[in-house]
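Below is one structure, written out as structure tokens, with a few remarks after it.
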Amino acid sequence: MDMPKVAIRTTEAALGIQMEKPHVEIRQPPADLEIRQRHTDTLEISTTAATLQIDQSAAFADAGLIPPLERASHFSQQALQTALEYIRTQKQDGDYLRAIEKNGGGGKAIAQLAEKRNKLLHIDTELGFIPEHAFKVKFNVKSGTIHFQAERAEADIRVQKNDPQITADRWQVHYDMKQKPSIDFSVSGKHVNKRF
């Protein structure tokens, strides 16, 4: 039996594409750089002077070198003491002489007073040092200070960036149909109704 055969023939479409790449231009401006530099550092030095106080008043007093007001005060106290001692001695002598008549007289009391008061000037001496010792002179030292303040001259750097400048055309694409697609059917054989 002769069966019908169907033959199918196709033609593919052919497209033509033409692309135009755009021109791209990129410009990068350099950054703006500004540097300011002071070429010298600043150094400040402040000092407080040391003080030395020497108190020699005790040593001067040992040597008899005392201020006038203090000397006058010392003399007045010494004079008061001497006056009080003289008054006390005179009172004792008066009391002693008044008791002569009680002692029977005879001048023994006067002779005793004369012997007691008949002493020449008596001075006791001893070896000493002026000033008496080294600690009579007092030292008071207050140390000084020194301060340093340094200000470093840092560089002042300023940077201003600049954005890139990009210039680009648009992409161009051209296309056309060079060959249209097609499909053909053909049937072969004896028992085929071709009227369809």
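Per-structure values
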item: Conditions (1) at pLDDT 80 or above; (2) part of a loop (DSSP other than H, G, I, E, B); number of the one not met by residue 196; result: (1)
item: Single unsatisfied condition, residue 60 versus (1) part of a helix (DSSP H, G or I); (2) touching a His at 6+ places or on another chain (Cβ under 7 Å); result: (2)
item: Selection within the stretch 123-154 - under 22 Å from the mean Cα position of the chain (by Cα), assigned to a loop (DSSP other than H, G, I, E, B) and in contact (Cβ under 8 Å) with a residue 24 or more places away in the chain; result: 143, 144, 152, 153
item: From the options 83, 61, residue that is modelled with pLDDT of 85 or more and among the small types (Gly, Ala, Ser); result: 83
item: Test: residue 157 is modelled with pLDDT of 75 or more, in a strand (DSSP E or B) and closer than 30 Å to residue 7 by Cβ; result: no
item: Number of the exception - residue 115 against (1) charged (D, E, K, R); (2) in a loop (DSSP other than H, G, I, E, B); (3) modelled with pLDDT under 80; result: (2)
item: Qualifying position, being under 30 Å from residue 137 (Cα atoms), in contact with a strand residue (DSSP E or B) (Cβ under 8 Å, 6 or more places away or on another chain) and at pLDDT 80 or above, among 32, 55; result: 55
item: Subset tally (residues that are of a type in the set (Asp, Glu) and either touching a Ser or Thr at 6+ places or on another chain (Cβ under 9 Å) or surrounded by 10 or more Cβ atoms within 10 Å (Cβ to Cβ) (or both)) for the stretch 126-153; result: 2
item: Condition met for residue 113 (without any contact (Cβ under 8 Å) to a residue 40 or more places away in the chain and surrounded by 10 or more Cβ atoms within 10 Å (Cβ to Cβ)); result: yes
item: Residue list for the stretch 24-57, filter: assigned to a strand (DSSP E or B) and small (Gly, Ala, Ser); result: 46
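The values are calculated or read from the model by the stated rules, or taken from the named source; none is laboratory data. Being a predicted model, the structure only gives us computed values, none of them experimental. Backbone-built Cβ (ideal geometry, glycine too); neighbour counts: all protein chains shown.
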